[in-house]
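Below: one structure, written as structure tokens.
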Amino acid sequence: MAAGFVELDKVALRYGGGPEGTIALRNTSLSVQQGEFVAVVGPSGCGKSTLMKVITGLWPASAGSVSVDGQKVTKPLSIVGMAFQNPSLLPWRSTLSNIMLPLEIAQPHASKLRRENAEYLAKARKMLELVGLQAFEAKYPWQLSGGMQQRASLCRALIHDPSLLMLDEPFGALDMFTREELWLALQELWLASKPTVILVTHDLREAVFLADRVLVMSDRPGRIIANHAVDLPRPRTLEMTFEPKAIGLIQELRDQISVARKTSH
Amino acid sequence: MDATSQDDVFLEPDQIAVRRARNRKFLRAASPYIVIIGSFLLWELGVWLLRIESFVLPAPSQIFVAGWEWRGPILEAAWQTFLTTFIGFLLAIVVGVIAGTAIGASPVLYDAFYPALIGFNSVPKVAVVPILVIWFGIGSVPAIITAFLISFFPILVNVATGIATVEPELRDVLRALGAKQHQILTKVGLPRSMPYFFASLKIAISVAFIGSIVAETVAADAGIGHFMLVASSRFQVPLAFAALVVTGVMGILMYAIAVMIERRMTGWAMRGTDTGIIAGG
């Protein structure tokens, strides 16, 4: 297998020093190909979010090596789109202005934004249309429902064409139906530009619906204990997650996670 | 029964409800004036019934007469106090915003300066006035400095809080885009600290006003505080009260202006309510 777009080799991460320090990751290795959609599942508190921070360089690894796009990660990457459970939109900006925010910061867009404003605006509007928010571009975040805010948050994560998209339980706070709608929206966004995606989630159906590959993490200190390819055609439909193939995979994932929990408790 | 009478049956309670709601709204809007005028009337009545001498507690009517008679000097003194307060307040905004931004943006500065600032804020500013007199002499300078010293702290703390409490996720989103510290500050930190800042202006303008009046009663040769001191030392008690009423009115006016600016600048934080609760973002 060729060296992946994202490579982690025996990464460890420990918070704080001395004997009280918590080890969040130990011996974690993984490889994600360019344009691949990978989901990471595992028992709660297993260090999934820590994994995100380490890959993006927001936290330096205590041991092992992290590389993205052939470069060793030593400081925060500057090309990543991120979305979290909390949409964290800026309440003083309209929806459109919120999703334009990365363009004001990330290069090379920031230096071109003034000159090519019309093109960028058109692009932002097109993204809003893709997730069904075209009528809400002038609305403020508090005028949107939770699901709409999360759609806007996804647009913001993707507006600058990041080569890597990190999603940390982005739909965790939404109800089931809204969540399913957003899976479809995310799939469409992903198919439109095919960035490399790493999705951390608790929802196994979500992982199976969205990802090309599902990784299972052990309980803390976390490492990858299983790797499943999801063999479903694209674009996927919600009905596919109820077919025997998907259900079998979900059950298998469930068993592995409950075993991972038992071994440490 | 025909249609019209049926309509009447349905309309009438509706109209009554509308009228009731309108009355209630009017009563609420009028209630502050009712309270103020009512308490003045009670005061007037009490003074006449209990035959209280005017050098002990003058009746509101006497106060208004005295105030009207001396309106020129009172307005002059009030204007002087307003200027002192305003200059001190402006200085407080400049220092409060700059220092608050620095302390809010840097955890190191925050840890280093916060305890000292708390200590400084606990010193009653009245106690500082005599020292200011030694340094600057009698005049408006001690009053301006007192107004400044007393009012920069709430501004500083609020701006620092707004900036220091940027959501960690949002910070990560921006850092992962390659944002520099100053970009996080200008794109997120400062805008989100604005509701805190404008809320603090209400407090700051009130305490600045108190500060300058306190300093004026100790160490000034002009201003409403000085005016009150002179009036009471001459036993012109109604006049001293008149000056007191003027300070009350000035206090309300300054507060109202601060509220107006706040509403205009940070409507997004109010979210359509009248309560003025600061939103966490």
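The values are calculated or read from the model by the stated rules, or taken from the named source; none is laboratory data. Everything numeric in this text was worked out from a predicted model, so none of it was measured. Note that each Cβ is placed from the backbone with ideal geometry, even for glycine, and that neighbours are counted across all protein chains shown.
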ask   = Among the residues of the stretch A:86-103 satisfying the criterion of being more than 20 Å from the chain's Cα centre (by Cα) and either surrounded by fewer than 17 Cβ atoms within 10 Å (Cβ to Cβ) or more than 14 Å from B:LYS187 (Cβ to Cβ) (or both), which is farthest from the other protein chains (Cβ to nearest Cβ)?
value = A:LEU96
remark   = Scanning the stretch B:109-118 for residues that are hydroxyl-bearing (Ser, Thr, Tyr) and in contact (Cβ under 8 Å) with a residue 24 or more places away in the chain gives B:TYR110
request  = Evaluate the stretch B:199-212: report whether one residue or more is buried (at least 19 other Cβ atoms within 10 Å of the Cβ), among the β-branched types (Val, Ile, Thr) and within 11 Å of chain A (Cβ to nearest Cβ).
outcome  = no
request  = Pull up the stretch A:229-253, narrow it to residues that are within 23 Å of A:THR178 (Cβ to Cβ) and of a type in the set (Lys, Arg), then point me to the one that is surrounded by the fewest Cβ atoms within 10 Å (Cβ to Cβ).
outcome  = A:ARG234
task = Counting only residues that are more than 19 Å from A:GLU181 (Cβ to Cβ), give me the helices (runs of 4 or more DSSP H) lying completely in the stretch A:107-160 with at least 3 of them.
result = A:109-112, A:117-130
inquiry  = List the residue pairs whose Cβ atoms are under 6 Å apart, where the first residue sits in the stretch B:53-68 and is within 15 Å of B:ALA231 (Cβ to Cβ), the second is not in a helix (DSSP H, G or I), and the two are 6 or more positions apart or on different chains.
reply    = B:PHE55/B:PHE235; B:GLN62/B:SER54
query = Mind checking whether some residue in the stretch B:178-190 is touching a strand residue (DSSP E or B) at 6+ places or on another chain (Cβ under 7 Å) and within 11 Å of chain A (Cβ to nearest Cβ)?
reply = no
Yes/no for B:SER193 being within 14 Å of chain A (Cβ to nearest Cβ) and part of a helix (DSSP H, G or I) = yes
ask   = Is there a residue in the stretch B:142-159 that is in the same structural domain as B:ASP221 (by TED's automatic domain parsing), of a type in the set (A, V, I, L, M, F, W, C) and in a loop (DSSP other than H, G, I, E, B)?
value = no
ask   = Taking the stretch A:106-123 as the region of interest, how many residues are within 13 Å of chain B (Cβ to nearest Cβ) and within 17 Å of A:LEU154 (Cα to Cα)?
value = 1
note = The number of residues in the stretch A:6-30 that are crowded, with 19+ Cβ neighbours inside 10 Å and more than 17 Å from A:VAL200 (Cβ to Cβ) is 2
request  = Give the stretch A:1-46 a look and list any residue that's farther than 19 Å from A:GLY64 by Cβ and modelled with pLDDT under 85, or say none.
outcome  = A:ALA2, A:GLY18, A:PRO19, A:GLU20, A:PRO43, A:SER44, A:GLY45
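For the stretch A:148-161, give me each residue that is farther than 11 Å from A:ALA83 by Cβ and either at the interface with another protein chain (Cβ under 10 Å from one of its Cβ atoms) or of a type outside the set (Asp, Glu) (or both).
Selection gives A:MET148, A:ILE159, A:HIS160.
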request  = Please list, ordered by first then second residue, the pairs with beta carbon atoms under 6 Å, 6 or more apart or interchain, first in the stretch B:91-108 and farther than 18 Å from B:LEU201 by Cα, second aromatic (Phe, Trp, Tyr) and part of a helix (DSSP H, G or I).
outcome  = B:ILE103/B:TYR110; B:ILE103/B:PHE113
